[in-house]
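Please read the structure below before turning to the comments.
The values are calculated or read from the model by the stated rules, or taken from the named source; none is laboratory data. As the structure is a prediction and not an experimental result, all values here were calculated from the model. Glycine also receives a Cβ, built like all others from the backbone with ideal geometry; neighbour counts cover every protein chain displayed. All accessible areas refer to the heavy atoms of the entire protein, side chains included, with ligands and DNA or RNA removed. Shrake-Rupley method; radii C 1.70, N 1.55, O 1.52, S 1.80 Å.
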Amino acid sequence: GAVVSQHPSWVICKSGTSVKIECRSLDFQATTMFWYRQFPKQSLMLMATSNEGSKATYEQGVEKDKFLINHASLTLSTLTVTSAHPEDSSFYICSAITTGGLYFGEGSWLTVV
Amino acid sequence: ELKVEQNPLFLSMQEGKNYTIYCNYSTTSDRLYWYRQDPGKSLESLFVLLSNGAVKQEGRLMASLDTKARLSTLHITAAVHDLSATYFCAVDIVGSNYKLTFGKGTLLTVNP
């Protein structure tokens, strides 16, 4: 099946700093990717839809100025958490659409200290 | 707004027993997904159900879909410890192009 890779797998950053998470489609081109957030022992919540070459579409309640999404190429979308705070600590998962369906990345653990 | 409800949220069962997890959703959907998630890991795709009456089986797991009732079930047969995980159902609205809404998940613990 198609492979979606995220980097880093885990990251620790200091409060107030920014951190970038990458989502790559390794063997296919993806015009659309999705970013989800999952807090411990909770379900996945869609944050935004990332569209190649255009602005991301954010879900209600998600701050677009805090969670910057860039989808500059057909194989890469990035999520930047700006001015991170401990409450942003979470598991971030991306997914990408191919002709064969939907595939999820391995996820990225973010801990803000 | 699409709502997806799973039950039970917690399920503790003994090895060898059968059980069913239920997933109800509130509006017409294109696709119904079942995923497995192990602690600290991402999602593993189990089944994608596309049409009314669809039934898919893989090993001890069988999923079915009733679009008229807006209900999907994940049936576990003769559970084994390795099935212990969290199971999520997810639905995407007609025309939303794979934008998924997830249920809260069912934490399954299979005890020896």
| query | Can you tell me which residues in the range A:58-73 are open to solvent by 50 Å² or more (accessible area, probe 1.4 Å), closer than 20 Å to A:Q6 by Cα and either of a type in the set (S, T, N, Q) or at pLDDT below 95 (or both)? | reply | A:N70, A:A72
| Scope the range B:87-100; condition over 15 Å from B:L49 (Cβ atoms) and facing chain A (nearest Cβ under 9 Å); matching residues | B:N97, B:K99
| said: For the range A:74-98: of the residues being touching a residue at least 60 places away in the same chain (Cβ under 8 Å) and within 14 Å of another protein chain (Cβ to nearest Cβ), which is surrounded by the most Cβ atoms within 10 Å (Cβ to Cβ)? | reply: A:C94
| field | Tally of residues being within 14 Å of chain B (Cβ to nearest Cβ) and out of contact with any Ser or Thr (no Cβ under 9 Å at 6 or more places or on another chain) across the range A:12-40 | value | 1
| task | For the range B:39-49, name all the residues that are open to solvent by 40 Å² or more (accessible area, probe 1.4 Å) and within 11 Å of chain A (Cβ to nearest Cβ). | result | B:P39, B:G40, B:K41, B:E44, B:S45, B:V48
| Residue identified as open to solvent by less than 30 Å² (accessible area, probe 1.4 Å), at pLDDT 95 or above and away from chain A (no Cβ under 14 Å) among B:V4, B:V110, B:V55 | B:V110
| note | Of those in the range A:42-55 that are more than 8 Å from chain B (Cβ to nearest Cβ) and farther than 13 Å from B:Y98 by Cβ, the residue most open to solvent (accessible area, probe 1.4 Å) is A:K55
| query | Quick one: which of A:L68, A:L74 is hydrophobic (A, V, I, L, M, F, W, C) and either within 26 Å of B:D38 (Cβ to Cβ) or within 13 Å of the chain's Cα centre (by Cα) (or both)? | reply | A:L68
| remark: Listed by range, strands (runs of 3 or more DSSP E) wholly within chain B having at least 1 residues that are touching a helix residue (DSSP H, G or I) at 6+ places or on another chain (Cβ under 7 Å) are B:71-76, B:106-111
